[in-house]
Amino acid sequence: MAESMIRIGDIEKFSIVDFPNKIAVVVFMQGCPWRCPFCYNQSLQNPNTETEATWENLIHLLEHRKGVIDAVVFSGGEPLMQEALPLAMDTVKTMGFEVGMHSGGYRPEALRKVIDKVIWVGFDIKAPLEEKRYKEATGGIGHVEKVKESLQILLNSGIHFECRTTCDPRILSVEDIYKIADELSALGVKEYYIQKYRPIENDKTTQDSDCEKFFKDEKLLSYLKEKFAVFDTRK
């Protein structure tokens, strides 16, 4: 089956935080085009890395979780890298599960192929929507125009989605969050979250106070609450 071509880095068997109001299995897809300095899943970046998780493992798990699990979330890495993703989503849907996805939106042409298969998307906004800033946040890759195109696809689709930004103080300032908020609000985004950066293993310099500054800025938080119908922080 074509779905067997899906490369899976890992499978989280039970999650209540990766799909709003759903109990989900999270499928961490292997491979990502970006090299974000704040990435917590660096082991997923190389699409050719061999892992013990397989499509067959996932199907076996889902068959035994019917009635317990509501949904499957395809996360990453970047799920839109994998050509067999639409077939995998179709199979999961035929088993009776709802489908969600986490994505950075780097392949709008791939997003179009799955937009009618998902009922929710968590969309990562790395930086202000400018090529230079996106290159800084993605390890020199960028492709911000593709991100904008994907965001417009989500907006046009009418499905439930959220935008969220990991506030890495090495890359982003408080002023950057204001800029991101203005850009997203102007486009029509209704739901936005800022997430606390927790220093990755090779970051020996960032202090917790650096990470907390976004969340202690009451003026910023008030501004974000006014900008979006739904806003919250995630620590």
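Readers should treat all values here as calculations from the given coordinates under stated rules, not as data from a laboratory. Here the structure is a predicted model, which is why all the values come from computation and not from measurement. Don't worry about glycine lacking a Cβ; one is built from the backbone with ideal geometry, like all the others, and counts go over all protein chains shown.
For this structure, a couple of remarks:
- Dipole magnitude for the chain: about 280 debye, using +1 per Lys or Arg Cβ and -1 per Asp or Glu Cβ, origin at the Cα centre.
- For the range 106-118, Karplus couplings with θ = phi - 60° (6.51, -1.76, 1.60), whole Hz, Gly/Pro x: 6, 10, x, 5, 6, 4, 4, 6, 10, 4, 8, 9, 10
- Of the residues SER103, SER222, the one with the fewest other Cβ atoms within 10 Å heads the list, and the complete ranking is SER222, SER103.
- Simple label model, 7 Å out from Cα along Cβ direction - LYS148 to GLU50, nm: 4.4
- Per residue, the chain reaches -10000 deg cm²/dmol at 222 nm when only DSSP H runs of four or more residues are counted, each adding -39500 (n - 2.57).
- Reported label for calculated Cα extents along the principal axes in Å given (i) 55, 42, 25; (ii) 50, 38, 32; (iii) 56, 47, 34: (ii)
- Eligible lysines near LYS66 by straight Cα distance, threshold 22 Å, same-chain separation 8 or greater: LYS13, LYS22, LYS93, LYS117
- On full extension, the segment bounded by ASP182 and ILE23 gains 54.0 nm, given 0.36 nm per residue less the C-alpha separation.
- Where labels lie 7 Å past Cα in the beta-carbon direction, separation of TYR223 and ARG170 in nm: 2.5
- Sequence of MET29, MET89, MET5 once ranked by neighbouring C-beta atoms within 10 Å, starting from the fewest: MET5, MET89, MET29
- Only Lys, Arg, Asp and Glu carry charge here, each on its Cβ (+1 for the first two, -1 for the last two); on that basis the range 97-235 has a dipole of about 160 debye about its Cα centre.
- Charge tally in the Cβ shell below 12 Å around GLU149, where Lys, Arg are +1 and Asp, Glu are -1, GLU149 excluded: +2
- Taking the range 157-220 as the region of interest, the number of lysine pairs whose Cα atoms are within less than 19 Å, with members eight or more places apart or on different chains, is 10.
- Surrounding net charge for SER185, when Lys and Arg each add one and Asp and Glu each subtract one, Cβ distance under 14 Å: -1
- Of ILE180, LEU154, ILE115, farthest towards positive along the dipole that unit charges on Lys, Arg, Asp, Glu beta carbons give the range 82-193: ILE115
- Positive-end extreme of charge dipole, the chain - chosen from LEU224, ASN21, THR205 (charges on Cβ): LEU224
- With 0.36 nm allotted per residue and the present C-alpha distance subtracted, the GLU212-SER15 stretch has 68.4 nm of extension available.
- Cross-link partners of LYS227 among aspartates and glutamates, defined as those whose alpha carbon lies under 19 angstrom from its own and excluding same-chain residues fewer than eight positions apart: ASP124, GLU162, GLU175, ASP176, ASP182, GLU183, GLU191, ASP217, GLU218.
- Among the trypsin sites (Lys or Arg not before Pro) found in the range 153-213, those both in a DSSP coil and sparsely packed, with 10 or fewer other Cβ atoms within 10 Å of their Cβ, are LYS204.
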